[in-house]
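The structure appears right after this line, and notes come after that.
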Amino acid sequence: MPYSEPKPQTWFIKSSINPNFEYARQHCLDWALKFEFVKKDDRNYQRLEISKIWMLTARAYPSATKEELCFATEWFTWLFCHDDICDDSQLRNQLDSLLVLHKEFMAILLHKKMPGKSDPLHRGLLHIREQLDDITAEKWIATFTEDVRLYLNATRWEAKNRRYNTINSVSSYNKMRLFSGAVYTCFDLIGMFHQIDVDVSFLKDLPFRQMITMANNCVCWDNDIRGVAKELKEGTTNLITCLKHEHHISIEEAIKRAQKMCDMEMEDFFEFKERLPKFDEQKSLQQYTAGLESLVQGHIDWYSDTERYTVKD
């Protein structure tokens, strides 16, 4: 490797883990088999096992019920499988086909309508959408659906960059990275699981909205740091390659700059947190804020569990 392994970020957030992680593990593998994302003992099954997605959701949602944890694990599994298809398959260079696929996904989320020809991603998404009716209110479903739409849109933007070998400015990249990681959909689950009203006042408060953006940035940027070796091998642009290209620096220096960006973002997060006003829904605010922190720290801790980003010589 031409640079030293990035050191884990430390932001003094308490690490927690859901005690049902072993149950989530079995559910994840069974769900992936049921919807034919993988076949027993094939390469993709082994890849799923070493990814340990259930450890990510267990760390991200430490207070979730067993049922909620399983739902989150299904959604994260779907996201990882979708990303793998976009990154590894022929779709990565077929923008028209990707757009058709994404329109079919949106039809499932909006109308629970399956296309004539379906695959594991279609069937798995329909199963997730059907569960939402039992988990949460219509407004959260609408919010989640819109956040998925933005995520899909951003993945097509990434696919276009790959096709034409585009390296964006750091500023342009970060504006789209907020959506390409699907992190907003993961934040939506916080509100759903704690039964927080989507119209609650603090979710419309600008400083708190900025805290959500900061948490999103840290999850995505740190993912870019952890995944840089894998993405360099795949020829995928991320924050590190954008920093390298824009500032004419080495990969190692770009990683250091990205880590500094993460540190500064989390410093701002805690500064904003300290200055938040009191809200009528103070308990819900505390639950949502704790959820953001768990998602950020959970991602950091998960990198010690997973081999998803390990590049073998």
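The values are calculated or read from the model by the stated rules, or taken from the named source; none is laboratory data. Just so it is clear, the structure is predicted and the values come from calculations on it, not from any experiment. In this analysis, Cβ positions are derived from the backbone assuming ideal geometry, glycine residues included, and neighbour counts consider all displayed protein chains. In case anyone asks, the SASA skips ligands and DNA or RNA and just uses the protein heavy atoms, side chains included. Shrake-Rupley method; radii C 1.70, N 1.55, O 1.52, S 1.80 Å.
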Point to revise | Computed lengthening from residue 209 to residue 119, 0.36 nm per intervening residue step minus Cα-Cα distance | key: 28.8 nm
Review point. Looking only at the range 136-154, which residues have a backbone nitrogen under 14 Å from a spot 7 Å from the Cα of residue 107 in the C-beta direction?
Key: none
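Once you have the Kirkwood Rh of the range 65-149 from its Cα pairs, apply Stokes-Einstein at 25 °C and 0.890 mPa s and quote D in µm²/s.
Answer from the Stokes-Einstein relation: 181 µm²/s.
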**Study point:** Per-bin percent of Cα-Cα distances, the range 32-190 [10 Å]
**Key:** 10, 37, 39, 14, 1
Practice item. Enter the mean projected area of the convex hull around the alpha-carbon atoms of the range 25-72, in nm², rounded to one decimal. Key: 3.1
Study note, to complete from the structure: Checking the range 10-117 for chymotrypsin sites (Phe, Trp or Tyr not before Pro) in a loop per DSSP with at most 14 other beta-carbon atoms within 10 Å yields 12
Point to revise | Percent of C-alpha pairs per 10 Å bin, the range 146-200, short to long | key: 23, 41, 23, 11, 2
Point to revise | Cα-based convex hull volume of the chain per residue, rounded to whole Å³ | key: 130
Check your understanding: Once you treat every alpha carbon in the range 116-207 as an equal point and sum by Debye, what is log10 I(q)/I(0) at q = 0.15, 0.23 Å⁻¹?
Key -> -0.74, -1.18
Review point. Computed over the Cα atoms of the range 22-114, what is the ratio Rg over Rh, Rh following Kirkwood?
Key: 1.01
Point to revise | Relative contact order (%) - the range 182-313, alpha-carbon pairs under 8 angstrom, separation at least six | key: 38
Practice item. Please sort by residue number the trypsin sites (Lys or Arg not before Pro) in the range 95-139 whose DSSP state is loop and whose Cβ has at most 16 other Cβ atoms within 10 Å. Key: 112, 113, 117
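How big is D for the range 164-313, in µm² s⁻¹ as a whole number, if Stokes-Einstein is applied with the Kirkwood radius of its Cα pairs at 20 °C and 1.002 mPa s?
In µm²/s, the coefficient is 129.
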Review point. For the range 182-312, how many pairs of lysine residues have a Cα-Cα distance under 18 Å, where the two are 8 or more positions apart or belong to different chains?
Key: 11
Exercise for review: Determine by what factor the alpha-carbon radius of gyration of the range 265-313 differs from 2.2 N^0.38 Å, reporting the quotient.
Suggested key: 1.63
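Given the Cα-Cα distance of residue 130 and residue 96 and 0.36 nm per residue of separation, how much length would full extension add, in nm?
9.5 nm
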Practice item. Could you please state how large a percent of the accessible area of the chain is carbon and sulfur, counting protein chains only and using a 1.4 Å probe? Key: 50
Study note, to complete from the structure: In Å², rounded to a whole number, the accessible area per residue of the chain with probe 1.4 Å is 48
Revision key, fill the gap. Here the relative contact order (percent) of the chain, from C-alpha pairs under 8 Å and at least 6 apart, is 26
Review point. At a Förster radius of 45 Å, what calculated FRET efficiency corresponds to the Cβ-Cβ distance of residue 175 and residue 41, to the nearest 0.05?
Key: 0.60
Check your understanding: Which aspartates and glutamates have a Cα lying under 20 Å from the Cα of residue 14, excluding residues fewer than 8 positions away in the same chain?
Key -> 222, 263, 265, 267, 268, 271, 274, 293, 301, 305
Review point. Which value at 222 nm does the chain reach when only helices count, each DSSP H run of 4 or more adding -39,500 (n - 2.57), with the total divided by all residues and rounded to the nearest 500 deg cm²/dmol?
Key: -23000 deg cm²/dmol
